[in-house]
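Reading through the structure tokens given below for one structure.
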Amino acid sequence: MCGIVGFTSFNQVLPTLLKGLEKLEYRGYDSAGVYVNDGDQGDYLVKETGRVADLERATENKNIKGTSGIAHTRWATHGGVSVENAHPHASEDGRFYLAHNGVIENYDELRDTYLQGVKLHSQTDTEVAVQLIDKFAKEENLSAVDAFKKMIALLDGNSAYAFLLMDRQEPGIMYTAKKKSPLLIGVSDQGNVVTSDAAAMLDITHDFIELMDDEVAIVEKDKVTLFNAQGEPITRLPFHLDIDAAETDKGVYPYYMLKEVDEQAIVTRTLSQYYFDDENNIQNIDANIIDAMKAADRLYIVAAGTSYHAGLVGKRYFEQWARIPTEVHISSEFAYDQPMLSQKPFFIFLSQSGETADSREVLDNITKQGYPTLTIANVMNSTLTREADFALPLLAGPEIAVASTKAYTAQISVEAILAHAIGHSGLNLKLELAKVAVEMQVIIDQKEDFKAIAESALSGQRSAFYIGRGLDAAVAVEAALKLKEISYVQTEGFAAGELKHGTISLIEEGTPVFALLTQAKTAGLVRGEIAQVAARGANTIVIATKELAKTGDAYILPEVNELLMPLLEVIPAQLIAYYATLDRGLDVDRPRNLAKSVTVQ
Ligand code: AGP
């Protein structure tokens, strides 16, 4: 979703701001803009719809100079995709410039109450905010920071924001504040930065100060001043972020998604080494987590999208190995329709980004109700990891492609490890995960097979199905999401036995139906369902384990413990989605309308 970068420096800032925006591209956006201030020499505001490359082209030949500036990638919420609606937004007289992530719920009311007679140039809530700052500065003779604070004080409690403000009259100073939307202040010898995503500014610094909700900061090139919610100055030391900037690069890969699919074997190995010691005992899981989970009478896994799908698989481990009844919920539903809870619930939030607004809303509600919470996330230091009682890392490294791949398998591995830690899997899980990693690599090395399958089965098709039973049904919904979100082939993931209760009427001559077949108990039934759709003209593509395979199946999966098969069988689906998307000439990493980190509800 929207991204913010700002830089106040001893050097020229435009190249760093544009590079920062490029690093934010993976989050999904539809327009971008930059404001650069060159003190007495003037200032520049350039905005464009489309890609950061379009913005970059628009800045060429303008001879833009300046040692401070702010920039933004916008994912439209209020108002359509247009240059006028792109950020930064300027106040009427061009004094203030504001970039904003989030949503101001009462912006209509604020506009009608305070801005009668002010001509607005966009349909955005952000422009209302910057016009308010200007009005308060002018009419009440407030300093920039006081006008900024006054505007913030008027925002409805449900509003979410990360603001970055500049005042043309005070070049070199950035004002920033946040609520429910991430923002970091980076410090360095070259100057200081503000960013909604550390990855955008790793070329400048790895040292970041976390800004908390309701705080305000004044950022200058050699100084950062923080104020708490009461307006008192506070000190907070930076933390060092140990990410290699190269990890956020594509390297030799044409797309991030392919790189991330390939990394799954390494991530699985890393997780087994991190969570098990040399004697195969669990390590790096706080004993308090295990105690709190053992004391629970029911687990509630809450997540969105792919993370929710990983929860569907994890349920099996928690029930079968830890013997704790487990429910899996979609966060956007749970947030406003909370089901009846057990006596002693324990909540697990699954998330790659740790910033998903729907999940944050549930965590907030659950924390208020006083129940214990654990976040399992890839981005540690994110809101969901900070605000839960406990947190465990996925250690997958930066996931940049919108389509989540390695975070999904990492979530499944960590759920398995956690269930094993609480109960009895009866497995040498460290060894089993090592085997999974080896077999993942075998599948990854055969990626050309999936290119051929994708091209022959999906070329020219408008719709497709993934079917399976049990764990295969759980993977089928993730497989379908992968394919539809990037290739735009409308795909349904289905419990195979449910097809005949209605959906089978959609099967036409040639409809691709991918069947996942890894669970021995139901293999015969799924074979029957494959025959039923084939009889109605479907083109069936069976992905089966060696033990369950038959002549004519499209791909034979290597075998690992049956309960861990989701970790393997999803990889063909990820690669089929990747190659089908390439075949259609689409951008694999940045599907339309989507954002990597969904920070609005
Ligand atoms: C799927 O490929 C998506 N990227 C999406 O469904 C994602 O899993 C969902 O938005 C939840 O995000 P999170 O894991 O960062 O919380």
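The values are calculated or read from the model by the stated rules, or taken from the named source; none is laboratory data. A quick note: this is a predicted structure, and the numbers were derived from the prediction, not measured. All Cβ positions, even for glycine, are placed from backbone atoms using ideal geometry, and neighbour counts span all protein chains on display. For accessibility, only protein heavy atoms count, side chains too; no ligands or nucleic acids. Shrake-Rupley method; radii C 1.70, N 1.55, O 1.52, S 1.80 Å.
Among the residues of segment 296-322, those that are within 14 Å of the ligand (Cβ to nearest atom), open to solvent by 10 Å² or more (accessible area, probe 1.4 Å) and not polar (S, T, N, Q) comprise Ala304, Gly305, Tyr308, His309, Leu312.
Evaluate the following for Glu485: is it within 16 Å of the ligand (Cβ to nearest atom), acidic (Asp, Glu) and touching a Phe, Trp or Tyr at 6+ places or on another chain (Cβ under 8 Å)? Answer is no for this residue. Reported count of residues in segment 549-571, each being in contact with a helix residue (DSSP H, G or I) (Cβ under 8 Å, 6 or more places away or on another chain) and either open to solvent by 40 Å² or more (accessible area, probe 1.4 Å) or within 16 Å of the ligand (Cβ to nearest atom) (or both), is 8.
Suppose we keep only residues that are modelled with pLDDT of 95 or more and assigned to a loop (DSSP other than H, G, I, E, B) within segment 572-587. Which one would you say is farthest from the ligand (Cβ to nearest atom)? Ranking the candidates gives Gly585 first.
Answer with yes or no whether Ile576 is touching a residue at least 60 places away in the same chain (Cβ under 8 Å) and in contact with a Phe, Trp or Tyr (Cβ under 9 Å, 6 or more places away or on another chain). Spelling it out, Ile576 is indeed touching a residue at least 60 places away in the same chain (Cβ under 8 Å) and in contact with a Phe, Trp or Tyr (Cβ under 9 Å, 6 or more places away or on another chain).
Of the residues making up segment 132-184, just one is modelled with pLDDT of 95 or more, within 30 Å of Ser359 (Cα to Cα), of a type in the set (Lys, Arg) and in contact with a helix residue (DSSP H, G or I) (Cβ under 7 Å, 6 or more places away or on another chain), namely Lys150. Hey, any hits in segment 26-33 for a residue that's modelled with pLDDT under 95, open to solvent by less than 10 Å² (accessible area, probe 1.4 Å), in a strand (DSSP E or B) and out of contact with any Phe, Trp or Tyr (no Cβ under 6 Å at 6 or more places or on another chain)? Looking through segment 26-33, at least one residue is modelled with pLDDT under 95, open to solvent by less than 10 Å² (accessible area, probe 1.4 Å), in a strand (DSSP E or B) and out of contact with any Phe, Trp or Tyr (no Cβ under 6 Å at 6 or more places or on another chain). If you scan segment 447-464, which residues turn out to be in contact (Cβ under 8 Å) with a residue 60 or more places away in the chain and in contact with a strand residue (DSSP E or B) (Cβ under 8 Å, 6 or more places away or on another chain)? Asp449, Phe450, Ile453, Ala457, Leu458 - these are the residues of segment 447-464 that are in contact (Cβ under 8 Å) with a residue 60 or more places away in the chain and in contact with a strand residue (DSSP E or B) (Cβ under 8 Å, 6 or more places away or on another chain). Considered as a group, the residues in segment 373-404 that are over 24 Å from Thr270 (Cα atoms) and surrounded by fewer than 21 Cβ atoms within 10 Å (Cβ to Cβ) include one that is farthest from the ligand (Cβ to nearest atom), and that residue is Asp389. Looking for something more than 16 Å from the ligand (Cβ to nearest atom), open to solvent by 10 Å² or more (accessible area, probe 1.4 Å) and without any contact (Cβ under 8 Å) to a residue 24 or more places away in the chain - is there at least one such residue anywhere in segment 355-365? No, because not a single residue in segment 355-365 is more than 16 Å from the ligand (Cβ to nearest atom), open to solvent by 10 Å² or more (accessible area, probe 1.4 Å) and without any contact (Cβ under 8 Å) to a residue 24 or more places away in the chain. Restricted to segment 337-432, the set of helices (runs of 4 or more DSSP H) holding at least 3 residues that are of a type in the set (A, V, I, L, M) comprises 357-369, 406-422. Please go through segment 532-548 and give me each residue that is farther than 21 Å from Glu569 by Cα and open to solvent by 30 Å² or more (accessible area, probe 1.4 Å), ordered by number. Selection gives Gln532, Ala534, Ala535, Arg536. Are any residues in segment 34-51 surrounded by 23 or more Cβ atoms within 10 Å (Cβ to Cβ) and touching a Leu at 6+ places or on another chain (Cβ under 6 Å), and if so, which ones? Val34, Tyr35, Val36 - these are the residues of segment 34-51 that are surrounded by 23 or more Cβ atoms within 10 Å (Cβ to Cβ) and touching a Leu at 6+ places or on another chain (Cβ under 6 Å).
Quick check on my filter: what residues within segment 277-319 are assigned to a helix (DSSP H, G or I) and more than 22 Å from Ser332 (Cβ to Cβ)? Answer for segment 277-319, where residues must be assigned to a helix (DSSP H, G or I) and more than 22 Å from Ser332 (Cβ to Cβ): Ala287, Asn288, Ile289, Ile290, Asp291, Ala292, Met293, Lys294, Arg316, Tyr317, Phe318, Glu319.
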